[in-house]
Amino acid sequence: MAVFNHKRPEAHLISAAHYERLLTHLEDLEDAARVHERSAGPFVEANLNDL
């Protein structure tokens, strides 16, 4: 749905469910970008017994 002001679109309204799906998708994209950034390292070797 579009909200008009003086015959010009001012806003577009979406359902709450669609907005939640959109936010979830954006978070997934941000997580994927972070994984890609960090995939080259640096990595630290660790032993579970030492922790």
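Data overview
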read-out	value
Test for A17: is it surrounded by 10 or more Cβ atoms within 10 Å (Cβ to Cβ) and assigned to a helix (DSSP H, G or I)	no
Answer residue from region 30-42, given it is among the aliphatic types (A, V, I, L, M) and exposed (fewer than 10 other Cβ atoms within 10 Å of the Cβ) and is nearest to the chain's Cα centre (by Cα) among those	V35
Residues satisfying the stated conditions in region 20-51, i.e. assigned to a helix (DSSP H, G or I) and modelled with pLDDT under 90	none
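The values are calculated or read from the model by the stated rules, or taken from the named source; none is laboratory data. Keep in mind that this is a model prediction, so the values were computed, not measured. All Cβ positions, glycine included, derive from the backbone under ideal geometry; neighbour counts span all protein chains shown.
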